[in-house]
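One structure is given here, and the rest of the page talks about it.
What follows draws every value from the coordinates through simple rules; no lab data is involved. This one's a predicted model, so the numbers in the text were calculated from it and none came from an experiment. Heads up, the Cβs are rebuilt from the backbone with ideal geometry, glycines too, and the neighbour counts pull from every protein chain shown.
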Amino acid sequence: MAERIPLIVANWKTNKKVAEVYDFLQEIQGKLPDANKVKVGIAAQDIYLHEMVKQSKELKLPVSVIAENVHWADEGSYTGETSPAALADIEVSGSIIGHYERRKMFKETNGSVGLKVTASLRNGLIPIVAIAEDTTRYNPDDEDMAPLTEIAVGLAGVDRQRAENIVIAYEPAWAIGAAETPSLEVIEHAARVIRKSLAILFSQEVADKIRIQYGGSATPENSKDILGLEDIDGLLIGRASLEPTAFLSMVNDAI
Ligand code: PEP
């Protein structure tokens, strides 16, 4: 089976002022583990990304800078959007795509997710595809859980040759910004179902290479147990990633 180096990603969303971004990067300098053991990414607002790439180089941080969203066209008349080609040009490493908050508040669909994933892969960006599971459909006993539809529809047109670079973030909608996470059994079951559906869509070989993260109220208190699950290869962390000590502790739990 393919070795999947865990990937821990901070999802800062629409938080932090520029001085706080600098402080955070300085605070984690020299404290991150070997990138051969765990990969680390920080997703932030577009306005900070170019400077974060430069700062990460200067501070020698083994950190990938990630966008919160990306458009599907490399260039053109799409006022207000950020193109994947522009992100690649400033050495951003990837983008979160289809986060539940974007699906819910900005009407993102599996169709637009698919276009963005394809555009990201075409530009050498890592797409972190967030698979939400909304409360109304949540049923841990159901083998055909909701994530399957999002994977099947959202990733249907993706080129199999590049698919191994996709990262899936399993984020039950009801656990985002909440007080609770699902049980370890539910997370492991969901990740297994997701990997099975990736194998059907692409191939078992490709599915075994794709990293599946867990996201939704991950904290330093529960991260070690979640990261210990066989099919979980990392975390997408919201609130707990805003504070460097908590974030570093969760990064180290992935080793
Ligand atoms: C998220 O929304 O991606 C997330 C993981 O948020 P939180 O950890 O705050 O629940």
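Data table
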{"read-out": "Stokes-Einstein D (µm²/s) once Rh is taken as the Kirkwood radius of the chain over alpha-carbon pairs, at 20 °C in 1.002 mPa s", "value": "119 µm²/s"}
{"read-out": "Dipole moment magnitude, nearest 20 debye, the chain about Cα centre, only Lys, Arg, Asp, Glu C-beta charged", "value": "500 debye"}
{"read-out": "Region 1-47: C-alpha gyration tensor shape, a/c 1.5 cut-off, then a/b vs b/c", "value": "oblate"}
{"read-out": "Fully extended contour minus Cα-Cα distance, from Gln204 to Leu115, at 0.36 nm per residue", "value": "29.7 nm"}
{"read-out": "Extension gain, Lys60 back to Thr245 (0.36 nm per residue minus Cα-Cα distance, nm)", "value": "64.7 nm"}
{"read-out": "Calculated FRET efficiency for the pair Val18/Thr79, C-beta based, R₀ 22 Å, to 0.05", "value": "0.35"}
{"read-out": "Candidate lysines - alpha carbon under 28 Å from Lys196, same-chain residues fewer than 8 apart omitted", "value": "Lys37, Lys39, Lys104, Lys107, Lys116, Lys209, Lys224"}
{"read-out": "Descending Cα extents along the principal axes, region 21-136, whole Å", "value": "41, 38, 25"}
{"read-out": "Cα Rg, Dmax, region 204-255, angstrom units", "value": "11.6, 38"}
{"read-out": "Cβ-based charge dipole, the chain, positive-most Cα from Gly215, Leu125, Val38", "value": "Leu125"}
